[in-house]
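Structure first, commentary second.
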Amino acid sequence: MQLNQASVLIVDDEAVLREIFGAWFRRVAGEVFLAGDGVEALQILAAHKIDLVITDVRMPEMDGISLLSRIRLGGPHAPAVVLVSGSVDIKARDAYDLGADAILNKPTERSHLIDVAQTSLLAPDELWRTPGGADARTRLSACFDSLAAALREHRIAFGRRGFCIATRQLEEEARPVNIELHFKADEWTLSGQGIVRWLSHQEGQAGIELTYVDGDARQRVLQLAQQSSCFIPRSTEPKYATQNRS
């Protein structure tokens, strides 16, 4: 979906910022709604078809994290959600696991917010067809016996737009990366590009957002993506195992 066809809901308890964001999107979006907190946002969501929610994190009544959780209960047809935070209210790893499509820091530039909004509205099949222009000098490579074995052994876990992988190859976040993951028994390779969204050096885990997937692997990755509600899983382990450790 293109932004000029989309309905966008801006949620922020700061009236001035809410109006600024609203003015930005009225120039480029199909329809724009404004809400002062999560409770008001849910009322708008119940009354209108919303394609994208851009929400502050820290708000009275209902904050952005609670709003995100409620929205994700709507299943695969729920709107995309972009979190905008003025402080470290939530780690990127947790935000993507909860289902956020992006998390931005305040202040954010208009052009960057608009670009993120447009990307969030694109279907994975459309987004993953075009190689990125960034020079990805970082490489992520791995070889697995099979996809089933990699999932069973908790070496990789897929989300709607990316995957979590057990690796210590990567050193920096927010970097473009070239990806080559081989699944021997299945005789296929996930070849493409992505962005390192978070790293846990202590656990040997990394969260990768996919930005391009080679055509031979794209359909299989799309099938895996449809089975998840999170953007990128916070761990390769089952959620119950992660919760027991914390």
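The table below gives the values:
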{"item": "Any chance Val39 is modelled with pLDDT of 95 or more, more than 18 Å from the chain's Cα centre (by Cα) and either among the hydrophobic types (A, V, I, L, M, F, W, C) or under 28 Å from Ala206 (Cβ atoms) (or both)", "result": "yes"}
{"item": "Elements of type helices (runs of 4 or more DSSP H) contained in region 146-246, each with 3 or more residues being of a type in the set (S, T, N, Q), surrounded by fewer than 22 Cβ atoms within 10 Å (Cβ to Cβ) and touching a residue at least 40 places away in the same chain (Cβ under 8 Å)", "result": "none"}
{"item": "Some residue of region 35-44 being in a helix (DSSP H, G or I), touching a strand residue (DSSP E or B) at 6+ places or on another chain (Cβ under 6 Å), open to solvent by 60 Å² or more (accessible area, probe 1.4 Å) and not polar (S, T, N, Q)", "result": "no"}
{"item": "Residues of region 70-88 that turn out to be open to solvent by less than 50 Å² (accessible area, probe 1.4 Å) and either among the charged types (D, E, K, R) or assigned to a helix (DSSP H, G or I) (or both), as a count", "result": "3"}
{"item": "Count of region 2-16 residues which are in contact with a helix residue (DSSP H, G or I) (Cβ under 7 Å, 6 or more places away or on another chain) and part of a strand (DSSP E or B)", "result": "4"}
{"item": "Set Ile50, Ile20: member being modelled with pLDDT of 95 or more and buried (at least 18 other Cβ atoms within 10 Å of the Cβ)", "result": "Ile50"}
{"item": "Boolean, Ile71 is touching a residue at least 24 places away in the same chain (Cβ under 8 Å) and among the hydrophobic types (A, V, I, L, M, F, W, C)", "result": "yes"}
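The values are calculated or read from the model by the stated rules, or taken from the named source; none is laboratory data. Nothing here was measured: the structure is a model prediction, and the numbers come from that model. Neighbour counts run over all protein chains shown; Cβ positions are idealised from the backbone, glycine included. Remember, those area values only see protein heavy atoms, side chains included, never the ligands or the DNA or RNA. Shrake-Rupley method; radii C 1.70, N 1.55, O 1.52, S 1.80 Å.
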